[in-house]
Amino acid sequence: MGFLDISNATKSYGSLEVLHKVDIQVEEGEFLVLVGPSGCGKSTLLNMIAGLEEITTGEIAIKGTAMNGVHPSKRNIAMVFQSYALYPNMTVGENITFGLEMHGVPKPEREKAKAQVAKLLQIEQLLDRKPGQLSGGQRQRVAMGRALVRDPDVFLFDEPLSNLDAKLRVDMRTEIKKLHQELGTTIVYVTHDQIEALTLSTRIAVMNGGYVQQLGTPKEIYDTPANLFVATFMGSPSMNLVPVRIVEQGGGLAAETFNAAGETVYLPFSAPSAELRSYAGQTITLGFRPEAFTDPGGADRDAGNIVELDSEVVVTEPAGSDTFVMTVLGGTECNARMRADVQVRPGDVTRFALNMDKAVVFDPKTEKRIP
Amino acid sequence: MTMQITDPAVRRTARARPDYRTQLQNWIPKLVLSPSLALILVFVYGFIFFTVYLSFTDSRLLPTFGWVGFENYEKLFRLRHWDIAVTNLVIFSGLYIVLCTAIGLMLAIFLDQKIRGESVLRPIFLYPMALSFIVTGTAWKWFLDPGIGLEHTMHLWGWESFSFDWIKNRDFAIYTVVLAAVWQSSGFVMAMFLAGLRGIDNEMLKAAQMDGASNWQLYRRIIIPQLRPAFLSAFVILSHLAIKSYDLVVALTGGGPGRATEVPATFMYSYTFTRNQMGIGASSAVIMLLTIVAIMVPYLYSELREKK
Amino acid sequence: MSVASSDTAVRTGRITRTFLYLVLLLFALFYLLPFGVMLVNSVKPLEEITGGNMLALPQTLTLQPWFEAWATAQIGVEPTGLHPYFWNSIKMVVPAVAISTILGALNGYVLTKWRFKYDTLIFGFMLFACFIPFQIVLIPMARMLGLSGLAGSTAGLVLVHVIFGLGFTTLYFKNYYQVFPTELIRAAQIDGAGFFRIFQRILLPSSGPIIVVSVIWQFTNIWNDFLFGASFADLDSQPMTVALNNLVQSSTGVKQYNVHFAGAILAALPTLIVYIVAGRYFVRGLMAGSVKG
């Protein structure tokens, strides 16, 4: 039993089920990120934890107490909203202490808590201003202050950074991470931004179509995605997916495909599982991330199974720190992440190095990863 | 699956206390809404039902409950008096709606041309809307009185042949009602169209001009079609005002000369309260309601459905 | 060509503009004339009106007609002037506006932030009630007021005006609260505020503009009402509009036009003042009942 237990929680509107049997246990101090495209059910799930939407079936419990039907204010949770939801008619200070006031906390204590939080978030000089006079970043801080002051069991964040510009978003991301490390609070955080999910979380639940597609640490999610959806949704640029045929080669297994010129290429697997062997002769999907596909000089020295191959360059995209080089394998475009000063031009045939240690394979019919 | 109960406190999560506050919070909104709903249900829909019922009875001075079927309606449609009232309403509402819309649209388009003094003109066009129909009627009644108003003034100014006695003329009196009503409402329609015009994206107009559209084409092809919602709203509001046009007729002409400006609203009032023909009065009210229903229900339906 | 500034796409030439101004001024004259002439003639002695030109400025300025209209003119049988009826109207308008606005605000709040099944249908029923021809409820309303002892009383008129204003006030507040961020309500719920506390602490402080709209709309409508006043009021509760009509339509004696005019302007004054002070909101109110958004 965890700190926050979501067991078999479903949500239906009439006969339409939008969230299907979600099961997640969150431990105390964990930072769980719910990530997925819009309409995947992540915000619905968050609202169900908050008590803003009813749980159709199943149970959500905090610290071992079932919360079904309990008023939001009685759950000892706090929430930071996408729009920040600061009360426009109250000052920053009043915004922060409103919740304490509603819970009957006496004024001297409210003031003390307000001062502490203001100091922690460095918003002391803003306390007498109205939300309308604040910048986006300042509002964000105030919204967090309002949540922090309550000292809740669980913090809920609903896409809190999506209204900020790119630079501020990165700064605030770091700040949220620092706060979590300092305070050790339990957080459930909703976002559609997979980078936010990977950087902030201790665990991620990737959601799509009302299902949790995969629940795991950022590393598990990134390195061994459970299915094609997770593979393509997480990571940017997204994972290359190439149709390959499994063939036996020298006692081991290899993926057979062809390069831009149509020449056959063999990509031997490092340690093929028994399960993969059963696919021999069949066509499956090979997935590898752009950083596992690079120029031979830039390849990971520690990798045990680097396959080199030649192919024609379609497009190059210098991105400052790296240069992304596009080629074609197995009839699909593949993105390679090469060193910044690599000298390749579209139309050249150049040498690529693929780290097969990092490659994953999917069954194209079930879309699930083959272990 | 084996049911193995080891320690229920650990294995099962505890149930929270029944949360009465949450239960109450679920009921408060409905409780708050209910007095209003009750008032409307009883005093509007209940009363409508009552009037509809009365229209099938032989009520005269007081409501009675002798069922006479459609007799009142048959009588009503044979009455020359009702005939006049309906004809007048058709003339009045037709002209009123068309003129208000035309004048309102024209003034709005003109005012939208970066007119200097717009802030002075706009309130002048609009202020009649703030007046009571009784005040409007009083003002126009006198202004149009041939013995003392406009005609008299023109004669004093030496234009002896000027004649404008419509308000005393059986054939034309209804048009003076139109005049006064248009005077009162056209500014409001102007305001509606002006708001619509101001809401149109200027960049799109610039794009249309780059495409080579003239001002006339711009309005006819691009702007006016986008005012569709304003047209619809104006039509609904004006037709609603037209069918209720009781006050203005009472103040301006009192239904006269003779019965020349009688409309269904005054007809209903006089049959019900002065002629003691309540059954017929009720049936005329039902006809008025049905007319409004035919206009309003589709409008409200589309408005509310879109808002969802 | 350069007359129009760059932020409007439609440009007009000089001749067109002259024509525009001409038409606009003509219409301004049309709108001003009847009421303006009435105003000018309300400060003339009677003989100047009957014997003279209505467009002429007064030769002798007199406030006598205004005084008479207010205090001594014959209304029905009593020579009281309009002033008792003015106060009747005030006594009717103030509670009716207050009650219908408060109920409308609560209804709008429920219908947008505490939605439940069939709420749109309920709102539709409330809204349609504003658009019915009032003749359809006249007979039962008169009966009900008579049976409940409210007939001829100000309380009865207040009740009637509240009922038939509810749809509009609910509409205004509903449209306004519709765009009020729901996240604020949710945040307040998590903070522990209940239904009324959220309304009072979060919504009401931001409702100033729409309260103004609702009050102006209701004030204008109820002050200007004639049908209900004429149908349900007696001498002690008759509103201003009904008294004015009695004054103007009275057939006894010489028609005192200047007194009629002064009376008409007195009857129009409250709404005109409201309109001059808060005209922008008045327009917004008119629009809110019609145009979407």
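The values are calculated or read from the model by the stated rules, or taken from the named source; none is laboratory data. Computed from a predicted structure; not experimentally measured. Glycine gets a Cβ as well: all are built from the backbone with ideal geometry, and neighbour counts include every protein chain shown. Accessible surface is based on the protein model in full, side chains and every heavy atom, while ligands, DNA and RNA are left aside. Shrake-Rupley method; radii C 1.70, N 1.55, O 1.52, S 1.80 Å.
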Determine, yes or no, whether C:Ile102 is away from chain B (no Cβ under 12 Å), assigned to a helix (DSSP H, G or I) and not acidic (Asp, Glu).
no
Being under 16 Å from C:Gln189 (Cβ atoms) and out of contact with any Leu (no Cβ under 9 Å at 6 or more places or on another chain) narrows A:Lys74, A:Lys21 down to just A:Lys74
Taking B:Tyr299 and the conditions (1) closer than 25 Å to B:Leu61 by Cβ; (2) part of a helix (DSSP H, G or I); (3) open to solvent by less than 40 Å² (accessible area, probe 1.4 Å), which numbered condition does it fall short on, given that it satisfies the others?
(1)
Pair list, Cβ under 7 Å, 6 or more apart: the stretch C:98-120 residue assigned by TED's automatic domain parsing to the domain that holds C:Ser207, other residue surrounded by fewer than 18 Cβ atoms within 10 Å (Cβ to Cβ) and of a type in the set (A, V, I, L, M):
C:Thr120/B:Leu304
Checking B:Met268 against (1) at the interface with another protein chain (Cβ under 7 Å from one of its Cβ atoms); (2) more than 20 Å from C:Thr241 (Cβ to Cβ), which single condition isn't satisfied?
(2)
Single unsatisfied condition, A:Asn68 versus (1) open to solvent by 20 Å² or more (accessible area, probe 1.4 Å); (2) touching a helix residue (DSSP H, G or I) at 6+ places or on another chain (Cβ under 8 Å); (3) outside any strand (DSSP E or B)
(2)
When restricted to C:Gln189, C:Gln200, the only residue within 14 Å of chain A (Cβ to nearest Cβ), within 28 Å of C:Thr112 (Cα to Cα), open to solvent by 10 Å² or more (accessible area, probe 1.4 Å) and at pLDDT 90 or above is C:Gln200
Do you know which residues across the stretch C:121-133 are over 30 Å from C:Ala233 (Cβ atoms) and either within 7 Å of chain B (Cβ to nearest Cβ) or in contact (Cβ under 8 Å) with a residue 40 or more places away in the chain (or both)?
C:Ile122, C:Phe123, C:Gly124
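Residues are listed down the side, and each one gets a yes or a no for (1) facing chain C (nearest Cβ under 10 Å); (2) within 16 Å of B:Phe133 (Cα to Cα); (3) not polar (S, T, N, Q):
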site: B:Ile174; (1), (2), (3): no, yes, yes
site: B:Val177; (1), (2), (3): no, yes, yes
site: B:Trp183; (1), (2), (3): yes, yes, yes
site: B:Phe188; (1), (2), (3): yes, yes, yes
site: B:Ile223; (1), (2), (3): yes, no, yes
site: B:Pro229; (1), (2), (3): yes, no, yes
site: B:His240; (1), (2), (3): yes, yes, yes
site: B:Lys244; (1), (2), (3): yes, yes, yes
Quick test of your reading of the structure: B:Met278 fulfils all but one of (1) more than 10 Å from chain C (Cβ to nearest Cβ); (2) of a type outside the set (Ser, Thr, Tyr); (3) under 24 Å from C:Ala233 (Cα atoms). Name the failing condition by number.
(1)
The lone exception for C:Gly36 - which of (1) within 11 Å of another protein chain (Cβ to nearest Cβ); (2) closer than 30 Å to C:Phe86 by Cβ; (3) touching a residue at least 12 places away in the same chain (Cβ under 8 Å); (4) not aliphatic (A, V, I, L, M) it fails
(3)
In the set C:Ile163, C:Ile139, which member is within 8 Å of chain B (Cβ to nearest Cβ), closer than 21 Å to C:Ile99 by Cα and not basic (Lys, Arg)?
C:Ile163
Condition check for A:Glu111: among the acidic types (Asp, Glu), modelled with pLDDT of 90 or more and under 21 Å from A:Ala143 (Cβ atoms):
yes
Report, by residue number, each residue of the stretch B:131-150 that is surrounded by fewer than 24 Cβ atoms within 10 Å (Cβ to Cβ) and among the polar types (S, T, N, Q).
none
Take the stretch C:199-225 and flag every residue that is under 30 Å from B:Trp27 (Cβ atoms) and either polar (S, T, N, Q) or without any contact (Cβ under 8 Å) to a residue 24 or more places away in the chain (or both).
C:Gln200, C:Arg201, C:Ile202, C:Pro205, C:Ser206, C:Ser207, C:Gly208, C:Ser214, C:Gln218
Within the stretch C:240-257, considering residues that are open to solvent by 10 Å² or more (accessible area, probe 1.4 Å) and of a type in the set (S, T, N, Q), the one nearest to the other protein chains (Cβ to nearest Cβ):
C:Asn245
Does the stretch A:81-99 contain any residue that is of a type in the set (D, E, K, R), over 23 Å from A:Leu183 (Cβ atoms) and open to solvent by 10 Å² or more (accessible area, probe 1.4 Å)?
yes
Give just the number: which of (1) of a type in the set (A, V, I, L, M); (2) over 13 Å from the mean Cα position of the chain (by Cα); (3) open to solvent by 10 Å² or more (accessible area, probe 1.4 Å) does B:Leu241 not satisfy?
(2)
Would you confirm whether any residue within the stretch A:214-231 is open to solvent by 50 Å² or more (accessible area, probe 1.4 Å), closer than 28 Å to A:Tyr279 by Cα, among the basic types (Lys, Arg) and within 14 Å of the chain's Cα centre (by Cα)?
yes
Only one of these is open to solvent by 10 Å² or more (accessible area, probe 1.4 Å), in the same structural domain as C:Phe199 (by TED's automatic domain parsing) and among the hydrophobic types (A, V, I, L, M, F, W, C): C:Phe131, C:Phe125. Name it.
C:Phe125
Taking the stretch B:75-130 as the region of interest, how many residues are of a type in the set (Val, Ile, Thr), surrounded by 17 or more Cβ atoms within 10 Å (Cβ to Cβ) and away from chain C (no Cβ under 11 Å)?
4
Scan of the stretch C:226-239 for residues that are over 13 Å from C:Gly156 (Cβ atoms), facing chain B (nearest Cβ under 8 Å) and touching a residue at least 60 places away in the same chain (Cβ under 8 Å), ordered by number
C:Leu227
